[in-house]
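Any read-out appearing in this document is the output of simple, stated calculations on the displayed coordinates, not a laboratory observation. Remember, it's a predicted structure, so these values are computed and weren't measured experimentally. As a convention, Cβ positions derive from the backbone with ideal geometry for all residues, glycine included, and neighbour counts pool all protein chains shown.
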Amino acid sequence: MTQRNFEIALAKGEVGEMVVRRHLERKGWIVYKPHTEGAHAFDILAIFKKRTAIAIDVKSKSRMNKFPATGIEQRHFEEYRAFSEKHRMPFWVVFVDESQRTVYGNALSALEVPRFVSGTQYPFIMQTTRSTLHLWPLDAMKHIANLDDESASQLTSLSQRNYTYEVAA
């Protein structure tokens, strides 16, 4: 297995963030992004009509291949949950999925509701050789938008998966 190229991953993340930002702005949200280089608590702070604020982290990646699920690293989940609780602000995780050509996500509070899907209880913690993942079923996600051809093509060209993606039935 080859090492992921950080610069490519960063470029793919920027494309996904742009997709989400444009969608939110079309829906009337005001979008703020960190200007400081380096690690940050979230990708987007979005405010609607000066009354509702949410923090959003955007993940530009396809769903899992072998499970009807997606997820994030456990340590990131813990950071997002702590931020949400400390600041009493909803925290959304939004996935920009080039293989499904869609954008989906939900607030952590909704994602953490226990559910059974195909015999697996979610949220599900999966240990891999590289990290610990915090997984949620796709049916816990809200559809946000469809990807246009250009965005899907950009994201696909930046994919670093080392296997062929299989579209689930």
Residues in segment 26-66 near a label at LEU10, defined as backbone nitrogen under 12 Å from the 7 Å Cα→Cβ point? 37-39
Return TRP92, TRP29 ranked ascending by Cβ neighbour count within 10 Å, so the fewest neighbours appear first. TRP29, TRP92
Where in segment 13-51 does the label zone of ARG75 land, with the point 7 angstrom along Cα→C-beta and an amide N cut-off under 17 Å? 38-42
Going by average Cβ neighbours within 10 Å, how do the peptides 114-121, 139-146, 54-61 rank, with the highest at the top? 54-61, 139-146, 114-121
The exposure ranking of LYS12, LYS50, fewest beta-carbon neighbours within 10 Å first, is LYS50, LYS12
Equivalent ellipsoid, the chain (semi-axes from 5 times Cα gyration tensor eigenvalues, Å): 23, 20, 17
Positive-end residue of ALA53, PHE83, THR128, charge dipole of the chain with Cβ unit charges: ALA53
Sequence-distant or interchain residues sharing an amide H contact under 5 Å with ASP43, placed H: which? ILE56, ASP57, VAL58
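Any idea what the dipole of the chain comes to, in debye rounded to 20, about its Cα centre with Lys/Arg Cβ at +1 and Asp/Glu Cβ at -1?
460 debye
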Lysine pairs meeting the criterion (Cα under 26 Å, 8 or more apart or interchain), as found in the chain: 28
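For THR52, THR102, what ranking results if the residue with the fewest other Cβ atoms within 10 Å of its Cβ goes first? Working shown, then result.
Working: THR52 11, THR102 17.
Neighbour counts put them in this order, fewest first: THR52, THR102.
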